[in-house]
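Have a look at the structure below before the remarks.
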């Protein structure tokens, strides 16, 4: 049976690394992105160079209509979904909570929580046996921020990832008899563009690195390897797990 994987937020950072590694593993890939078509097509070309079918699909995963359209396009172009990586997310500008705007908080919750739930809902309708699917696997991208709280940086983002942890536990139990495994990966500090583009704190990586027990930040490919393991048949008895890939942080 063909493996059809949707990766939300797949044009850069961890999502892009997941797409590239999934292509090597033989998945057909629906690469969702928000607005940077050039970046998405660059990742898609790299996936196709590995012999993978890869479709770049624009859509805002905080908007229900966009979510439904991206899933419908995946159905049409690649076939029935078997795997999902629920990765799209934002942090908002780094600040103490009392300096954060309502817009930043709301945008984070709308995408990281409501959007992720709606993405999971759409995936269930394709993957669950009760809907004619053959099961599969989901991996939600959480964060170690859920456990440490990110004080002074973005406690609202940490709270949004706490919701992802709860979603993972609940769906793992709810979907076990539907043949769907649901797990999470919680990255620690990873060297991606999000620190400059979303948090506005470009120096955060260098500032935090000495505080990590392993004394360095992670690479997107290291997170992607954990994600691909949890998607794979090698993890067939794992559901409801949350794997920290954090250098001990």
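Nothing in this text is a laboratory measurement; each read-out follows from the coordinates by a stated rule. Computed from a predicted model, the values in this text were never measured in an experiment. With ideal geometry, Cβ positions are generated from the backbone for all residues, glycine too; neighbour counts draw on all protein chains shown.
Hey, could you grab the Kirkwood Rh for region 85-209? Inverse mean 1/r over distinct alpha carbon pairs, Å, one decimal. Value: 15.3 Å, from the Cα pair sum. Counting neighbouring Cβ atoms within 10 Å and putting the fewest first, the residues 70, 85 line up as 70, 85. Relative intensity of region 1-80 on a log10 scale, I(q)/I(0) at q = 0.13, 0.15, 0.20 Å⁻¹, equals -0.32, -0.43, -0.76, per a Debye sum over C-alpha point scatterers of equal strength in the absence of solvent.
Note on the chain: the alpha carbon radius of gyration divided by the globular reference 2.2 N^0.38 Å gives 0.95. What is the helix-to-structure angle for 116-127, meaning the angle in degrees between its Cα long axis and the longest Cα principal axis of the chain, kept from 0 to 90 and rounded to the nearest 10? The helix 116-127 is inclined about 20 degrees to the chain. Over the chain, calculate the relative contact order: mean separation of alpha carbon pairs under 8 Å at least 6 apart, over the residue count, as a percent. Relative CO of the chain lands at 19 percent. Over all pairs of different C-alpha atoms, region 60-106 has a mean inverse distance whose reciprocal, the Kirkwood radius, equals 13.3 Å. Three principal axis extents describe the C-alpha atoms of region 132-184; from largest down they are 46, 14, 14 Å.
Between helix 13-24 and the chain there is an angle of about 30 degrees, using the helix long axis and the longest principal axis of the Cα atoms.
The ellipsoid equivalent to the alpha-carbon distribution of region 25-133 has semi-axes of 28, 19, 11 angstrom, derived from the gyration tensor eigenvalues as √(5λ) and listed largest first. Residue exposure proxy: 192, 37, 91, ordered by other Cβ atoms within 10 angstrom of their Cβ from fewest to most, comes out as 37, 192, 91.
Axis angle, to the nearest 10 degrees, between helix 220-231 and the longest C-alpha principal axis of the chain: 40 degrees.
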